[in-house]
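Working notes, beginning with the structure itself.
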Amino acid sequence: MDKEQTKKLILEGEKSQAVRKKLVERTSKSAEVRFHGEQTLAQEIVGTVHLPHPIYIDSAEGPHLTDVDGNDYIDLTGGFGPMVLGNKPAVVEEALLGQIKKGWHFGIPSAPQQLLADIIKEAGACVDHVIFCNSGTEATMFAIRAARAFTGKQKVGLFDGSYHGVHDYALVKVDATSDRSRPTANFLGAGVPPVIAEDLSVTLPYRDEMAFEIIREQKGELALVMIEPVQSSNPRLDAGEFLHRLKEVCEECGVLFLLDEVITGFRIDYGGCQAHYDIKPDLATYGKAVGGGLPIGAVGGREDIMNTFSEKGNAPYIFTGGTFSGNPLTMTAGIAATTYMRDHQDEIYPYLMEQGNRLASEVNSFCELHQIPARIMNAGSIFHLVFTGGEINSSRDITEDWKIAEREFYLHLLGHGVIIPGIHLAFLSHAHKPEHVDAVIEAFRKSFEDMRADGII
């Protein structure tokens, strides 16, 4: 549909205007917070978070968020992924209260670092040693540095549709107008030196065999190929064969292979996608769930590569660090959360997979029945609603043809009491019981019906 026509339908639509009125009337305190924030904040969280209506959260419990006006929402944000056990799980809260009584930041190492490292080593197929940092961005940045030092090569292979954080290498994106099988690089935002795309990275096509040929061609310069086992832009669990072949080609070419498990680690499975796909990379990066809801990043991998962090075994030494890396609060929360996940993994992970698949199946069946150009892509409890009428094989198939309608959908969803972040990657948690998933499915249906009533879809 023509964008101007869509805007006109929204302006004239009874349902579209009603939900705006409803949200404005019930969020006056959020409006005040936004007004004051605009006077001093250049950015609130990340540039990609554009909520359809300004909401500011005051508290969280289980599968719920409550805003500063007292409105309750079913939370599908999941803190952008970490909250596998739901918001404020009792086991993590209790552990944090105990640590706070002893102190929350020392600088000097504390014993919980070793305990959480042991848990990650136990869970991660490739992990001999671990280092901690403060975010997934830092984890992938440090892993790239380690790979370049270990191999003596400079280039990093990155896939079309990938997300690996916000450092300069991670902001290399594919030019959407370039050849799908031989993509060329662009950047997400300004300020990234062109040399990174031109001389220090190689862009690879996702789920395309030409990626293997490009790696073979570039093997003399490629230090590392990194990939999300589940792309946040295109969540799916049918990439196993591609990942195994990718690992084989990397081994053949003497290129290190990294799985970025920042999102998938301790969420898809207790052992992440390494366990789900039975695959053993050279390196893995972690974040989100492993910190139990507190800031964390981690790199794990083969002993000889990880020696670059410690200068053991005559490995070339790299410098890393961070004031809050391995801080006792994060380590304590991470131990509490991951220990609970380990001890209840036979209950947690099949449930998350079942409920995530049920949500996707029921919403997609509704869309198909009513000829609505949208579908949920999911990898268990990770999901992304995509507005398109065509087949989706990679992020290249996700266009902005329905962008205005998509934004309108999330406004209606918010009006029906379900909140999804502006990045539109959503998560279920173990705290979302079947009745909460039922309510989410119903909110999706009602939101589509509202838009259909106004002629938008």
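Values as computed for the structure displayed
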item	result
In nm, spacing of pseudo-spin labels at residue 244 and residue 213 (7 Å Cα→C-beta vector)	2.4
Sparse-neighbour loop sites [GluC sites (Glu not before Pro); the range 318-400; at most 12 other C-beta within 10 Å; DSSP]	391, 400
Residue-span extension gain [residue 252 to residue 93] - 0.36 nm each, minus C-alpha spacing	52.5 nm
Long-range tail of P(r) for the range 1-90 (Cα pairs > 23 Å, %)	41
Counting DSSP beta bridges with both ends in the chain, the antiparallel % (nearest 5)	65
Per-pair calculated FRET efficiency, R0 = 45 Å: residue 178 and residue 4 via Cβ, rounded to 0.05	0.95
Considering only the range 90-343, percent of DSSP beta bridges that pair antiparallel, nearest 5	50
Most to least accessible of 33, 174 (protein chains only, probe 1.4 Å)	33, 174
Relative packing of peptides 223-230, 73-80 - highest average C-beta neighbours within 10 Å first	223-230, 73-80
11 Å beta-carbon shell around residue 162, net charge (K/R +1, D/E -1)	-2
Heavy-atom accessible surface of the chain: percent carbon and sulfur, 1.4 Å	51
Per residue solvent-accessible surface (Å²) - the chain, probe of 1.4 Å	43
Accessible-area ranking of 348, 57, largest first, probe 1.4 Å	57, 348
Residue 57-residue 365 FRET efficiency (beta carbon distance; Förster radius 41 Å; 0.05 resolution)	0.80
Computed E for residue 433/residue 388 - FRET, C-beta separation, R0 41 angstrom, nearest 0.05	0.85
Percent RCO, i.e. relative contact order, over the range 78-213, from Cα pairs under 8 Å lying at least 6 residues apart	17
Distance in nm between pseudo-label sites at residue 343 and residue 104 (7 Å out along the Cβ direction from Cα)	2.5
With 10 Å bins from 0: P(r) over the chain, alpha-carbon pairs, percent	4, 20, 29, 27, 15, 4, 0, 0
Centre separation in Å (Cα based) which lies between the range 359-427 and the range 141-160	34
Under 5 Å, built H, 5+ apart or other chain: amide partners of residue 202	156, 157, 158
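The values are calculated or read from the model by the stated rules, or taken from the named source; none is laboratory data. Just so it is clear, the model here is predicted, and its values are computed rather than measured. We place every Cβ from the backbone using ideal geometry, glycine too, and count neighbours over all the protein chains shown. Remember, those area values only see protein heavy atoms, side chains included, never the ligands or the DNA or RNA. Shrake-Rupley method; radii C 1.70, N 1.55, O 1.52, S 1.80 Å.
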